[in-house]
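**Student:** Have a look at this one before I ask anything.
Throughout, read-outs are computed from the coordinates displayed, never taken from laboratory work. Fair warning: this is a prediction, and the values are worked out from it, not measured in the lab. Ideal geometry is used to build each Cβ from the backbone, glycine not excepted, and the neighbour counts take in all protein chains shown.
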């Protein structure tokens, strides 16, 4: 398995196996700490897309349309509320996104690109006192019975025994203390922070120092990935290593 941070938004990763490629949360590219990376209007061929929720930093209808053009057999996995969001987009913009969607409920499982995927949770972290949490689905990817990768979207969801946690680094709905308490409870083997598009350079240094210090005590291996940088895991239980570009 190869996991690569993708430049589409600040929460997107590409995962490749011997049988295919998927993206998680291809969002609008302007949500990024790395504006110099840039993206063009093309999207590489992928077999599946997993969407945690419908916020623009996690879902770009334009990029999904490009992905479908590149592969008309593409399957989009999303919750029913996110599927309804795509249906509304189709109605308003003349796209055909919803017909590619396989809608899931909390706890549903399915197989794609040789991985066993479980949908986890149903709600976004509470972000505003006047509004209820919006829908959010985390994705747990397993291979050979091992919980390889967990992408929680915008919620601090509890999943034990995760090898690689793709953790949100910063958000309006989360303090640094919230993040550290959750990470200690999760206790992943490896941690790759994402969701950092709102962080200034000086703010990022504070978050990085705090997580590196906690990782040294808790025993996590930190992976501060930039877009285009990847990690390789030759088989379950093996160490994650830097992928050759």
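**Student:** Would you mind telling me which numbered condition in (1) within 21 Å of the chain's Cα centre (by Cα); (2) in contact (Cβ under 8 Å) with a residue 60 or more places away in the chain residue 221 fails?
**Tutor:** Result: residue 221 fails condition (2) only.
Residue-wise test of (1) at positive phi; (2) without any contact (Cβ under 8 Å) to a residue 40 or more places away in the chain; (3) surrounded by 21 or more Cβ atoms within 10 Å (Cβ to Cβ).
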position	(1), (2), (3)
54	no, no, yes
67	no, no, yes
90	no, yes, no
94	yes, yes, no
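**Student:** Residue under question is residue 44, and the condition is that it be over 21 Å from residue 113 (Cβ atoms), within 18 Å of the chain's Cα centre (by Cα) and either assigned to a loop (DSSP other than H, G, I, E, B) or free of Cβ contacts under 8 Å to residues at least 24 places away in the same chain (or both); does it hold?
**Tutor:** On the way: over 21 Å from residue 113 (Cβ atoms): no; within 18 Å of the chain's Cα centre (by Cα): yes; either assigned to a loop (DSSP other than H, G, I, E, B) or free of Cβ contacts under 8 Å to residues at least 24 places away in the same chain (or both): yes.
Here the answer is no, as residue 44 does not meet what is asked.
**Student:** Considering (1) surrounded by fewer than 18 Cβ atoms within 10 Å (Cβ to Cβ); (2) more than 18 Å from residue 240 (Cα to Cα), say which one residue 211 fails and leave the rest.
**Tutor:** (1)
**Student:** Here's another thing I want to ask about it. So if I check each of 74, 115, which one is in contact (Cβ under 8 Å) with a residue 40 or more places away in the chain and within 19 Å of the chain's Cα centre (by Cα)? Show your work before the answer.
**Tutor:** Working: 74 fails: in contact (Cβ under 8 Å) with a residue 40 or more places away in the chain.
Result of the check over 74, 115: 115.
**Student:** Here is a further query. Considering each of 239, 213 in turn, give the residue that is farther than 22 Å from residue 57 by Cβ, out of contact with any helix residue (DSSP H, G or I) (no Cβ under 7 Å at 6 or more places or on another chain) and part of a helix (DSSP H, G or I).
**Tutor:** On the way: 239 fails: part of a helix (DSSP H, G or I).
Only one candidate qualifies: 213.
**Student:** A further question follows. Here are 178, 196: which of them is farther than 23 Å from residue 30 by Cβ and either assigned to a loop (DSSP other than H, G, I, E, B) or more than 17 Å from the chain's Cα centre (by Cα) (or both)?
**Tutor:** Values: 196 fails: farther than 23 Å from residue 30 by Cβ.
Going through 178, 196 in turn, just one is farther than 23 Å from residue 30 by Cβ and either assigned to a loop (DSSP other than H, G, I, E, B) or more than 17 Å from the chain's Cα centre (by Cα) (or both): 178.
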